[in-house]
Amino acid sequence: MPPAAIKFTGLLREEYQRLFDTCQVRPDKAAEVEKVVGKIESNRNRYEAVGEPLQIPWWLIAVIHNMEASLSFKAHLHNGDPLSRRTVNEPAGRPKEGHPPFSWEVSATDALTYDRIDQWQDWSLPAVLYKLEGYNGWGYRRYHPEVLSPYLWSGSNHYRSGKYVKDGRWSDTAGSAQLGAAVLLRRMAEKNLVAFTQPVEVDTVSAPLLRYAPR
């Protein structure tokens, strides 16, 4: 069995909020952030079609889709495996019902219910980041707490190097090439695409919601 989830405590909630408030996108990643967010926005209707029946925000599905499948609608939301067959990588054998090839919508619904995201009701910023980190796994926090999860923070001032290059295989020097989910949410929040149930309090006059790291 997989290890139990990290408990969502008040201290963890404060940590996520603080990290999000101080998140700065690296200048060399700014253009890529814009491109990915633009592509996400252009497919909003597909994310809403899956999210609304499950009462899951469309933008949460979108950032998971980018992390797991690079926004490909030919891949499982679970892990990026091709829709032409059931998943092979963890979690393997999904969806259990139906026959391949699967539509992206069917597979996405299975992925979200498999991880019980449809049973989650707290869409505040810290709770969203908690669910995203849990979707990828707690290995960084459990075994390498000196490195913030690149699943959330890659492409920002909060992450430089250190990652699992394979399941259970760690490298101190390897770095994630992906944009972290929290980084995308920062930009989406600036563009008013994201509505957390407890809005992030940021003085947008003196400090814009998205701040770029100095060169």
Could you identify the single residue in ASN45, ASN66 that is under 15 Å from the mean Cα position of the chain (by Cα) and open to solvent by 10 Å² or more (accessible area, probe 1.4 Å)?
ASN66
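Please verify whether TYR114 is modelled with pLDDT under 95 and of a type in the set (Ser, Thr, Tyr), treating the condition exactly as stated. Spell out the reasoning first.
Details: modelled with pLDDT under 95: no; of a type in the set (Ser, Thr, Tyr): yes.
So TYR114 fails the test.
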In the range 179-199, which residues are assigned to a loop (DSSP other than H, G, I, E, B) and either open to solvent by 40 Å² or more (accessible area, probe 1.4 Å) or polar (S, T, N, Q) (or both)?
LYS191, ASN192, ALA195, THR197, GLN198, PRO199
With respect to ALA111, determine if the residue is under 23 Å from LEU12 (Cβ atoms) and in a helix (DSSP H, G or I).
no
Which pairs do you get when a residue that is closer than 14 Å to TRP123 by Cβ, found in the range 44-59, comes within reach of a residue that is surrounded by fewer than 14 Cβ atoms within 10 Å (Cβ to Cβ) and at pLDDT below 95, reach meaning Cβ atoms under 9 angstrom, with the pair 6+ apart or on two chains?
GLN55/GLN121; PRO57/ALA195; TRP59/ALA195
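Yes or no, residue by residue, for (1) out of contact with any Gly (no Cβ under 8 Å at 6 or more places or on another chain); (2) open to solvent by 50 Å² or more (accessible area, probe 1.4 Å); (3) over 25 Å from LEU12 (Cβ atoms); (4) small (Gly, Ala, Ser):
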position	(1), (2), (3), (4)
GLY134	yes, no, no, yes
GLY137	yes, no, no, yes
SER154	no, no, no, yes
VAL165	yes, yes, yes, no
So if I check each of PRO101, PRO91, PRO95, which one is touching a strand residue (DSSP E or B) at 6+ places or on another chain (Cβ under 9 Å) and in a loop (DSSP other than H, G, I, E, B)?
PRO101
What pairs can you find where one residue is in the range 88-113 and under 15 Å from LEU54 (Cβ atoms) and touching a residue at least 60 places away in the same chain (Cβ under 8 Å), the other is open to solvent by 50 Å² or more (accessible area, probe 1.4 Å) and not basic (Lys, Arg), and their Cβ atoms are less than 6 Å apart, with a gap of 6+ or different chains?
LEU112/ASP118
Tally up the residues in the range 140-170 that are more than 16 Å from MET67 (Cβ to Cβ), in contact (Cβ under 8 Å) with a residue 12 or more places away in the chain and of a type in the set (Lys, Arg), please.
3
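I'd like to know if the range 139-149 contains one or more residues that are of a type in the set (Asp, Glu) and either open to solvent by 40 Å² or more (accessible area, probe 1.4 Å) or farther than 26 Å from PHE196 by Cα (or both). Explain how you work it out, then say what you get.
Initially, the range 139-149 is screened for residues of a type in the set (Asp, Glu), giving 146.
The next check asks that each one be either open to solvent by 40 Å² or more (accessible area, probe 1.4 Å) or farther than 26 Å from PHE196 by Cα (or both); those that pass are 146.
Within the range 139-149, one or more residues are of a type in the set (Asp, Glu) and either open to solvent by 40 Å² or more (accessible area, probe 1.4 Å) or farther than 26 Å from PHE196 by Cα (or both).
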Flagged in the range 103-122 as out of contact with any Pro (no Cβ under 6 Å at 6 or more places or on another chain), open to solvent by 20 Å² or more (accessible area, probe 1.4 Å) and of a type outside the set (A, V, I, L, M), in numbering order, are SER103, GLU105, THR109, THR113, TYR114, ASP115, ARG116, ASP118, GLN119, TRP120, GLN121, ASP122
Of GLY51, GLY80, the only residue that is under 19 Å from LYS131 (Cβ atoms), assigned to a loop (DSSP other than H, G, I, E, B) and either at pLDDT 95 or above or open to solvent by 20 Å² or more (accessible area, probe 1.4 Å) (or both) is GLY80
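The values are calculated or read from the model by the stated rules, or taken from the named source; none is laboratory data. For clarity, every value in this text was computed on a predicted model and none was experimentally measured. So basically every Cβ, Gly included, is an ideal-geometry build from the backbone, and we count neighbours across all protein chains shown. The area values use the complete protein model at the heavy-atom level, side chains included, leaving out ligands, DNA and RNA. Shrake-Rupley method; radii C 1.70, N 1.55, O 1.52, S 1.80 Å.
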